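Student: Let me give you the structure first, and then I'll get to my questions.
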């Protein structure tokens, strides 16, 4: 089953402005991790927000598990897709456990309180994100990387089949980047899927089954990491020379800018 299918999506932030997303078609199937890459202002974050219903597509069709996004209630959307923003709030007085429990909201009735099962799922999500030791600390007292892991736990606790994560590894050290990728691959094997906005091209090549390269609101390449992460594809989009080589152990493409010294 296709978890997400967007066809000819268009969105502009203000009348008269250039389209931030200009006719993009994108899909995520069960078992698939898809990365969205591209330079600054390419439209990646806007596309991510369209794909989870935080922005309404001004043109095109968007389906979540075969159902039209526009016809789903907020609660139904939240049961199907969980979103991690690029810059989660940093000044919350809630504890990490309370933030993780927020991910359970789509599974509760209008006036229901969290029960033992919800607490169990929140603690499991914190553990999966290596944040259980932070459970009783206020989010406002955490470092950037710790805070990122807590908000990842909230997305995990939501138990949606599709995760849409905007720059999820930006504040994470190497060990926690690996932890996140392993968690996403595990969820994909269990029938879930993920759409990741990433700037680290080497990480994108290692983590994702398929990459979507955007520029000026449009898709300029869509394929396997080996197909997309090539100098002749990347250099016109990023406006700089790059080196691409195969990882000698995994064979995955490694990308680095060419810098003269």
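The values are calculated or read from the model by the stated rules, or taken from the named source; none is laboratory data. None of the values given here were measured: they were computed from a predicted structure. We place every Cβ from the backbone using ideal geometry, glycine too, and count neighbours over all the protein chains shown.
Student: Considering each residue of the stretch 38-67, count those that are assigned to a loop (DSSP other than H, G, I, E, B) and touching a helix residue (DSSP H, G or I) at 6+ places or on another chain (Cβ under 9 Å), and give that number.
Tutor: So the count comes out to 10.
Student: Which of the residues that make up the stretch 103-141 are more than 22 Å from the chain's Cα centre (by Cα), in a loop (DSSP other than H, G, I, E, B) and at pLDDT 95 or above?
Tutor: 135, 136, 137
Student: Follow-up. Given (1) more than 21 Å from the chain's Cα centre (by Cα); (2) at pLDDT 95 or above, where does residue 93 come up short, assuming only one miss?
Tutor: (2)
Student: Name the residue, out of 211, 234, 184, that is under 21 Å from residue 3 (Cβ atoms), in contact with a strand residue (DSSP E or B) (Cβ under 6 Å, 6 or more places away or on another chain) and in a helix (DSSP H, G or I).
Tutor: Of the residues listed, the single one that is under 21 Å from residue 3 (Cβ atoms), in contact with a strand residue (DSSP E or B) (Cβ under 6 Å, 6 or more places away or on another chain) and in a helix (DSSP H, G or I) is 184.
Student: Any residue at all in the stretch 79-88 that's free of Cβ contacts under 8 Å to residues at least 40 places away in the same chain, surrounded by fewer than 17 Cβ atoms within 10 Å (Cβ to Cβ) and farther than 30 Å from residue 237 by Cα?
Tutor: From the stretch 79-88, those free of Cβ contacts under 8 Å to residues at least 40 places away in the same chain are 87; that's our starting set.
Within this subset, residues satisfying the condition of being surrounded by fewer than 17 Cβ atoms within 10 Å (Cβ to Cβ) are 87.
Adding the requirement that they be farther than 30 Å from residue 237 by Cα leaves none.
No.
Student: Between 100, 78, 82, 70, which is more than 20 Å from the chain's Cα centre (by Cα) and either at positive phi or not in a loop (DSSP other than H, G, I, E, B) (or both)?
Tutor: 70
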